[in-house]
Amino acid sequence: MTYRAPVSDIAFALKHAAGLNEALAEGLYGDLDEQTIDSVLEEAGRFASDVIAPLNQVGDTFGTPFKDGAVTMPPGWKQAYTDWAAAGWNGLARPPTSAASSCRMAVNAACIEMWNAGLDGLRHRPVLTMAAIDALHAYGSDDLKQRYLAKLISGEWMGTMQLTEPQAGSDVGALRTKAERAADGSYRLTAPRSSSPTASTT
């Protein structure tokens with residue numbers, strides 16, 4: 001089944017149900033106009049339909065093989081993320097610096113809906129990165145902001161989530177596995193019961 005992003009439906013909901021057109025008319029977003037928003041949504045929909053969605057079948061067919069201590073991602077997945085970040089899509093989540101840019105979160109939410117629908121398996125990293133950007137902007141020290149924000153916003157670096165649920169069998173505090181970066185840039189994972197480390201290329 002081929003996925004086509006419902007751009008017109010999402011644009012209608014954003015502009016009319018969510019009140020974006022009313023906000024634009026009141027000048028709440030500076031000189032941002034409806035045509036610009038339409039262009040952003042159209043391109044986000046195109047990327048979701050033509051680039052992201054086809055990766056579903058590739059991922060299902062190829063899987064993520066683990067061989068000789070290394071995990072290999074399905075063909076095209078890394079390139080899709082690289083292209084997505086290079087196009088500046090992660091920048092939609094950056095903290096607002098002007099009246100017009102304060103609209104980013106609403107537009108970003110509309111774009112995320114299309115990207116996530118295109119390929120659920122690709123959605124976690126961008127969303128976690130956006131949360132990391134928000135947390136750093138709101139609570140991070142100037143030093144942390146200087147070191148991390150630009151790379152997170154560009155998509156060069158990604159955020160992660162540290163989750164522990166003892167009642168669900170995922171008590172992170174009970175883990176004894178360690179991850180250390182090797183000279184070649186990969187990570188060596190070492191567990192107490194393992195006689196030799198394994199490497200991940202992701």
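For this structure, a couple of remarks:
- Pairwise label distance in nanometres, ALA86 with ALA25, each label 7 Å out on the Cα-Cβ vector: 4.2 nm
- On a per residue basis, the chain carries 63 Å² of accessible surface, using protein heavy atoms and a 1.4 Å probe.
- Angle between the chain longest axis and helix 142-154 axis [Cα atoms, degrees, rounded to 10]: 80 degrees
- Solvent-accessible area, 1.4 Å probe, carbon plus sulfur percent, for the stretch 1-66: 53 percent
- Full-extension gain in nm, TYR148 to ASP60, via 0.36 nm per residue minus C-alpha separation: 28.3 nm
- Between the listed residues LEU119, ASN56, LEU175, the Cα displaced farthest toward the positive end of the dipole of the chain, a dipole computed from Cβ unit charges relative to the Cα centre, is found at LEU175.
- LYS178/ALA138 FRET efficiency (R0 35 Å; Cβ-Cβ; nearest 0.05): 0.70
- Backbone amide hydrogens, once placed in the peptide plane, bring TYR187 within less than 5 Å of ALA182, SER200, excluding anything fewer than 5 places away on its chain.
- Per-residue SASA entry for LYS178, accessible area with 1.4 Å probe, Å² rounded to 10: 130 Å²
- Here's the picture: a label point sits 7 Å out from the Cα of ARG188 along the beta-carbon direction, and within the stretch 40-77 the residues with their amide nitrogen under 15 Å of it are 69-70.
- The label-point distance for ASP9 and LYS67, in a model that sets each label 7 Å from Cα toward Cβ, rounds to 4.1 nm.
- Helix axis angle, 124-139 relative to the chain longest principal axis, alpha carbon, degrees: 70 degrees
The values are calculated or read from the model by the stated rules, or taken from the named source; none is laboratory data. Small disclaimer: the values here were computed from a predicted structure and weren't measured. Neighbour counts are summed over all protein chains in view; Cβ atoms, including those assigned to glycine, are modelled from backbone coordinates with ideal geometry. These area figures cover heavy atoms from the full protein model, side chains too; ligands, DNA and RNA do not enter into them. Shrake-Rupley method; radii C 1.70, N 1.55, O 1.52, S 1.80 Å.
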